[in-house]
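*Asks:* Sharing a structure here in structure tokens format.
The values are calculated or read from the model by the stated rules, or taken from the named source; none is laboratory data. Here the structure is a predicted model, which means the values were calculated and not measured. All Cβ positions, even for glycine, are placed from backbone atoms using ideal geometry, and neighbour counts span all protein chains on display. For accessibility, only protein heavy atoms count, side chains too; no ligands or nucleic acids. Shrake-Rupley method; radii C 1.70, N 1.55, O 1.52, S 1.80 Å.
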Amino acid sequence: MTEDILRAENVGKRFGPVTALRDVTLRLGPGEVLGLIGDNGAGKSTLIKTLCGFHRPDSGRILIDGEEVHLRSVGHARSLGIDTVYQDLALVDQLSVYHNMFLNREVVRWPFLRNRAMRRLARQHLEEIGVNIPDVTVEVARLSGGQRQAIAVARSVYSARRILLLDEPLAAMGAKEGAQILNLIADLKARGDIAMILIVHNYAQVLDVCDRVNLLQHGTITFDKPTAETSLDELTDLVVAEYRRGRLNPGVR
Ligand SMILES: Nc1ncnc2c1ncn2[C@@H]1O[C@H](COP(=O)(O)OP(=O)(O)O)[C@@H](O)[C@H]1O
Ligand SMILES: [Mg+2]
């Protein structure tokens with residue numbers, strides 16, 4: 001058996017009275033794309049933020065290449081090869097598209113890069129992935145939700161080295177923009193050297209691009225199967241059953 005590139009073992013995370021994650025055990029193989037699905041509030045973003053060094057887990061452990069790591073910060077996780085596209089994006093509204101593309105990355109990867117080169121590279125990257133942003137010098141505050149999302153994904157895709165965590169990268173997008181981003185993820189997967197965890201709500205898309213799917217319910221992983229062994233019907237049934245339980249027992253978590 002090949003070694004998992006990333007593992008969470010029995011991870012728990014609470015926010016005051018709210019238990020966001022309980023006893024989460026998750027594995028990600030080298031080059032694997034894992035789809036993470038679950039209702040709003042299930043704990044998906046908390047799990048991503050725990051794996052990328054933003055939150056410290058209250059219990060359990062995180063392992064990279066089989067070695068336990070204590071992630072001190074997002075920067076520390078990034079230095080170990082974990083890059084993230086956050087649900088809340090983390091673009092700086094007042095900065096231009098191209099500045100955002102290289103934010104927190106210019107110093108690390110391109111120490112001598114000048115503005116003109118950054119503008120050219122930003123244009124080139126966005127063009128390559130088929131994202132149409134006419135002017136990379138405009139502030140991102142002036143762009144649509146879909147365009148902002150595309151920039152956030154593009155910059156992580158170009159800097160990702162080993163593990164890329166994507167929290168709802170298609171959320172603000174129309175069908176066409178979404179398809180472009182999914183193509184980008186498929187291209188990255190075809191390279192074979194980057195493992196990904198992808199949170200997407202559309203199960204057809206999950207089955208399309210992911211190798212395996214995990215369902216998170218009330219902070220616990222309740223389902224783990226290769227996508228080849230599940231179906232749209234099975235995934236939909238799981239969620240319908242959860243909805244029915246919620247209707248019968250409102251307020252019970
Ligand atoms: N920083 C936080 N402080 C307090 N509660 C939080 C925080 N982040 C998440 N939560 C709570 O944890 C639970 C899981 O949230 P989240 O991980 O955002 O779910 P999901 O991404 O699956 O919608 C929710 O009840 C949410 O309100
Ligand atoms: Mg979320």
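*Asks:* What percentages, rounded to whole numbers, describe P(r) for the stretch 1-151 computed over all alpha carbon pairs with 10 Å bin width beginning at zero?
*Replies:* For the stretch 1-151, the binned pair fractions read 10, 32, 30, 23, 6, 0 percent.
*Asks:* Another question, then. How do the peptides 135-144, 172-181, 20-29 rank, highest first, by the average count of neighbouring beta carbon atoms within 10 Å per residue? Intermediate results must be reported in sequence, preceding the final value.
*Replies:* Details: 135-144: 14.9, 172-181: 16.6, 20-29: 19.6.
Most protected by this proxy first, the peptides run 20-29, 172-181, 135-144.
*Asks:* List the residues whose amide H sits under 5 Å from the amide H of residue 84, counting only those 5 or more places along or on another chain, with H placed 1.01 Å from N in the peptide plane.
*Replies:* Hits under the 5 Å cutoff: 165.
*Asks:* Based on alpha-carbon positions alone, could you give the equivalent ellipsoid semi-axes of the stretch 112-170 from the gyration tensor, as √(5λ), descending, whole Å? Working shown, then result.
*Replies:* On the way: eigenvalues 71, 54, 19 Å².
With the √(5λ) rule applied to the stretch 112-170, the semi-axes are 19, 16, 10 Å.
*Asks:* In addition: May I ask you to derive the relative contact order of the chain, considering only C-alpha pairs under 8 Å and at least 6 residues apart, and to give it as an integer percent?
*Replies:* Working: 442 pairs, mean separation 65.5, N = 253.
The normalised contact order for the chain reaches 26 percent.
*Asks:* Sequence-distant or interchain residues sharing an amide H contact under 5 Å with residue 231, placed H: which?
*Replies:* Those qualifying (amide H under 5 Å, at least 5 residues apart or on another chain) number zero.
*Asks:* Would you mind checking the radius of gyration and Dmax of the chain based on alpha-carbon positions, in Å?
*Replies:* When restricted to the Cα atoms of the chain, Rg and Dmax are 18.4, 61 Å.
*Asks:* Consider just the alpha-carbon atoms of the stretch 106-225 and return their Rg together with their Dmax, both in angstrom.
*Replies:* In order Rg, Dmax, the Cα atoms of the stretch 106-225 give 15.8, 50 Å.
*Asks:* Whole-Hz ³J(HN,Hα) for each residue in the stretch 135-140, computed from phi via Karplus 6.51 cos²θ - 1.76 cosθ + 1.60 with θ = phi - 60°, x for glycine and proline: what do you get?
*Replies:* Here the 3J(HN,Hα) series is 9, 6, 8, 6, 5, 5 Hz.
*Asks:* Here's something else I'd like to know. Quick one: pull the percent of accessible area on the chain belonging to carbon and sulfur, 1.4 Å probe, ligands and nucleic acids left out.
*Replies:* Details: 6250 of 12550 Å².
Answer for the chain: carbon and sulfur cover 50 percent of the accessible area.
*Asks:* Let me ask you something else. When 1/r is averaged over all different Cα pairs and the result inverted, which Kirkwood radius in Å belongs to the stretch 154-209?
*Replies:* About 11.6 Å for the stretch 154-209.
*Asks:* Just the number please: accessible area per residue for the chain, 1.4 Å probe, all protein chains included, in Å². Let's see the in-between values first.
*Replies:* Numbers: 12550 Å² over 253 residues.
It amounts to 50 Å² per residue over the chain.
*Asks:* Can you list residues whose amide H is under 5 Å from residue 6's amide H, if they're 5+ apart or on another chain and H is modeled 1.01 Å from N?
*Replies:* Long-range HN contacts for residue 6: 28, 65.
*Asks:* Give the residue from 38, 215, 171 lying farthest towards the positive end of the charge dipole for the chain; charges sit on Cβ (+1 for Lys and Arg, -1 for Asp and Glu) and the dipole is referred to the Cα centre.
*Replies:* Working it through, the farthest residue towards the positive pole turns out to be 171.
*Asks:* Go through the stretch 32-44 residue by residue and turn each phi into a ³J(HN,Hα) via Karplus (6.51, -1.76, 1.60, θ = phi - 60°); whole Hz please, and just put x for glycine and proline.
*Replies:* 7, 10, 9, x, 10, 10, x, 4, 4, x, 5, x, 4
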